[in-house]
Amino acid sequence: MIRVFKFETEQKIFDIGNVKIGGQPGQLPTVMVGSIFYHGDKIIISEEEGTFDKLTAEHLLRQEAEISEKTGNPRMVDVCAAWPTAIIKFIDFVSEKIDGPFLVDGTTAAVRVAAAKHVSEVGLSDRAVFNSISPEVKPEELEAIKDAKITASILLTYNSRNMTIAGKLSTLRDSPERKGLINVALGAGVEKMLVDTTVLDIPDPGPVAKACYTVKRDFGLPSGAGVHNAVDRWVSRKKQDPLSYRINNAVAHVTPIVMGANFLLYGPLKRAAEIYPACGLADAYVSYSMRQEYGIRPLTNNHPVFKIFI
């Protein structure tokens with residue numbers, strides 16, 4: 001039986017675009033966040049103009065939806081872009097093709113500000129998750145979030161001076177030098193905070209998993225990480241055979257789930273078929289363990305524990 005944890009701190013559960021995230025381990029399945037229109041995405045024709053292969057993009061979104069339904073893991077779509085014009089087109093396309101929430105993920109503050117303004121203008125603020133509020137967030141971004149009435153955001157615990165678990169968590173708290181990310185987000189009108197424990201190095205799935213646990217223990221907030229960043233930086237992965245790579249990738253993503261993580265940014269949408277089943281299985285194991293040890297049951301009948309073993 002997997003040894004999991006019941007947190008004494010009240011665990012927040014947020015509803016973002018009809019996707020629930022957070023809670024005690026075993027209550028809700030891990031929310032999967034796949035990226036589209038990222039730099040180098042082969043479906044993009046022009047990054048600056050925001051033109052792309054719509055048929056392939058729709059196929060990727062539909063394929064992920066089918067896998068999400070099969071495992072019971074909800075999804076959010078990470079909409080990336082490097083140009084203001086492009087992210088507006090990308091948001092319009094994705095928001096029409098999916099029913100749930102999406103992340104607005106620009107490479108610069110200007111792109112993220114443009115995205116925030118646009119979702120407000122077209123009435124999508126309740127489905128948008130700002131990605132992200134970090135210690136380097138610009139004042140104009142916070143103003144745009146507030147003006148757009150976006151109430152959900154990733155909090156990125158990036159600490160360039162102290163990259164340890166304690167250093168990452170220190171970004172959430174107020175200090176004599178600066179306001180913590182939680183209060184920064186509250187000041188921008190953000191109520192639904194998803195804490196990204198920040199992958200910085202190849203072995204980081206271990207520390208970020210412990211950081212996910214610590215965030216939930218200390219703050220009760222949903223936590224997770226972009227684990228794919230660690231795997232993608234692993235240069236020797238290119239020498240691995242496809243099966244070994246898939247196993248290693250699955251292990252890296254499952255580790256935070258066992259430590260309580262609520263969401264994972266797993267990389268390109270095209271990887272959904274290889275990563276969802278492993279994460280759904282981990283969710284099922286955690287859920288079954290929590291039921292036996294603490295009597296905690298899933299809050300949804302669509303949980304992987306009811307779907308994986310059929």
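The values are calculated or read from the model by the stated rules, or taken from the named source; none is laboratory data. The model shown is predicted, which means the values in this text are computed figures rather than measured ones. When we count neighbours, we look across all protein chains shown, and the Cβ atoms used for this are built from the backbone with ideal geometry, even at glycine.
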* Asked: Among (1) over 19 Å from S153 (Cβ atoms); (2) within 17 Å of the chain's Cα centre (by Cα), which single condition is I44 missing?
  -> (2)
* To do: Give the stretch 221-271 a look and list any residue that's of a type in the set (K, R), over 29 Å from S289 (Cβ atoms) and under 19 Å from the mean Cα position of the chain (by Cα), or say none.
  => R233, K270
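In the stretch 146-180, which residues are of a type in the set (V, I, T) and assigned to a helix (DSSP H, G or I)?
I165
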* Asked: Looking at G280, is it touching a helix residue (DSSP H, G or I) at 6+ places or on another chain (Cβ under 6 Å), crowded, with 20+ Cβ neighbours inside 10 Å and on the phi > 0 side of the Ramachandran plot?
  -> no
* The one condition in (1) in a loop (DSSP other than H, G, I, E, B); (2) surrounded by fewer than 16 Cβ atoms within 10 Å (Cβ to Cβ) that V190 fails to fulfil -> (2)
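Name the one entry in G100, G123 that is in contact with a Pro (Cβ under 8 Å, 6 or more places away or on another chain), of a type outside the set (V, I, T) and not in a helix (DSSP H, G or I). Working first, answer last.
On the way: G123 fails: in contact with a Pro (Cβ under 8 Å, 6 or more places away or on another chain).
On inspection, the qualifying residue turns out to be G100.
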* Asked: Among (1) in a helix (DSSP H, G or I); (2) of a type in the set (S, T, Y); (3) crowded, with 21+ Cβ neighbours inside 10 Å, where does S35 come up short?
  -> (1)
* To do: Within the stretch 100-112, track down each residue that is within 16 Å of E143 (Cβ to Cβ) and surrounded by 22 or more Cβ atoms within 10 Å (Cβ to Cβ).
  => V104, G106, R112
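Quick check: is even one residue across the stretch 82-92 at pLDDT 95 or above and in a loop (DSSP other than H, G, I, E, B)?
In the first step, residues of the stretch 82-92 are kept if they are at pLDDT 95 or above; the result is 82-92.
Filter again for in a loop (DSSP other than H, G, I, E, B), leaving 82-83.
Checked the stretch 82-92: at least one residue is at pLDDT 95 or above and in a loop (DSSP other than H, G, I, E, B).
Here is a yes/no grid of residues against (1) closer than 14 Å to P29 by Cβ; (2) buried (at least 16 other Cβ atoms within 10 Å of the Cβ):
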{"position": "K216", "(1), (2)": "no, yes"}
{"position": "G224", "(1), (2)": "yes, yes"}
{"position": "V231", "(1), (2)": "no, yes"}
{"position": "Q240", "(1), (2)": "no, no"}
{"position": "H253", "(1), (2)": "yes, yes"}
{"position": "Y285", "(1), (2)": "yes, yes"}
{"position": "R297", "(1), (2)": "yes, no"}
* To do: Can you work out which of the residues in the stretch 242-263 that are among the small types (G, A, S) and assigned to a helix (DSSP H, G or I) is nearest to P277 (Cα to Cα)?
  => A250
* Asked: Name the residues in the stretch 269-295 that are basic (K, R) and closer than 25 Å to G226 by Cβ, would you?
  -> K270, R271
* Could you please let me know if P135 is surrounded by fewer than 21 Cβ atoms within 10 Å (Cβ to Cβ), in contact (Cβ under 8 Å) with a residue 40 or more places away in the chain and not polar (S, T, N, Q)? => yes
* Confirm whether S244 is farther than 25 Å from G40 by Cβ, among the small types (G, A, S) and surrounded by fewer than 22 Cβ atoms within 10 Å (Cβ to Cβ). => no
* Structure fact -> In the stretch 264-310, residues that are outside any helix (DSSP H, G or I), charged (D, E, K, R) and over 21 Å from Y213 (Cα atoms) total 1
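Yes/no matrix, rows are residues, columns are (1) among the hydrophobic types (A, V, I, L, M, F, W, C); (2) in a loop (DSSP other than H, G, I, E, B); (3) crowded, with 22+ Cβ neighbours inside 10 Å:
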position: K20; (1), (2), (3): no, no, no
position: P25; (1), (2), (3): no, yes, yes
position: E49; (1), (2), (3): no, yes, no
position: L55; (1), (2), (3): yes, no, no
position: A65; (1), (2), (3): yes, no, no
position: D78; (1), (2), (3): no, no, yes
position: F130; (1), (2), (3): yes, no, yes
